[in-house]
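Coordinate-derived values only; no laboratory data. Please read these numbers as outputs of a predicted model, since none were measured by experiment. Cβ sites come from the backbone with ideal geometry, for glycine too, and all protein chains shown count toward neighbours.
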Amino acid sequence: MIREHDRIVLLADVPERGLKAGDVGTVVHVYPGGAGYEVELMTLTGETVAVLTLSADQVREVRPGEVAHARPRAAA
């Protein structure tokens, strides 16, 4: 179950925002029944890249043992 302040992983690219599957964000709001999430994605230096409303099928929980991967920010 995904809750507020949990980290999530994008399951698909969001090209209009320069985001790629595998990018990690933080849940800032959970919609009723977990139908969707408001998610903030940031650079590793703390700059907000996007705040998006995503459906439950666009994200997944972070799994134990996963390692974050850095990549250059794509142009939006």
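Using alpha-carbon pairs under 8 Å, 6+ residues apart, how would you state the relative contact order of the range 7-61 in percent?
34
If I take R0 = 22 Å and measure r between the Cβ atoms of residue 11 and residue 44 in this structure, what FRET efficiency does the formula 1/(1 + (r/R0)^6) give, to the nearest 0.05?
0.60
Residues with amide H under 5 Å of residue 14's amide H, sequence separation 5 or more or different chain, H placed in the peptide plane at 1.01 Å from N; which?
The list, which skips near neighbours in sequence, is 19, 20, 21.
What is the Cα coordinate range of the chain on the first, second and third principal axes, sorted by size from largest, in whole angstrom?
Answer, in whole Å and largest first: 34, 29, 21 Å.
What's the longest piece of the chain with no exposed GluC sites (Glu not before Pro), counting a site as exposed if DSSP puts it in a loop and it has at most 15 other beta carbons within 10 Å?
5-46
About the Cα centre, and with charges only on the beta carbon of Lys, Arg (+1) and Asp, Glu (-1), how big is the dipole of the chain? Nearest 20 debye, please.
In total the dipole reaches around 180 debye.
Could you please report the charge total around residue 48, scoring K, R as +1 and D, E as -1 over all other residues with beta-carbon less than 14 angstrom from its beta-carbon?
Surrounding charge for residue 48 is -2.
Explain nothing, just compute: Karplus ³J(HN,Hα) = 6.51 cos²θ - 1.76 cosθ + 1.60, θ = phi - 60°, for every residue of the range 28-38 in order, whole Hz, x for Gly and Pro.
So the Karplus estimates, Gly and Pro as x, are 10, 7, 10, 7, x, x, x, 5, x, 9, 8 Hz.
Along the charge dipole of the chain, Cβ charges K/R +1 and D/E -1, which of 53, 31, 70 sits furthest on the positive end?
70
For the range 8-76, run through the trypsin sites (Lys or Arg not before Pro) and keep only the ones in DSSP coil with at most 15 other Cβ atoms within 10 Å of their Cβ.
20, 73
On a full-extension model of 0.36 nm per residue, what is the gain between residue 4 and residue 68, subtracting their alpha-carbon distance, rounded to one decimal in nm?
Result for the pair: 21.1 nm of gain on full extension.
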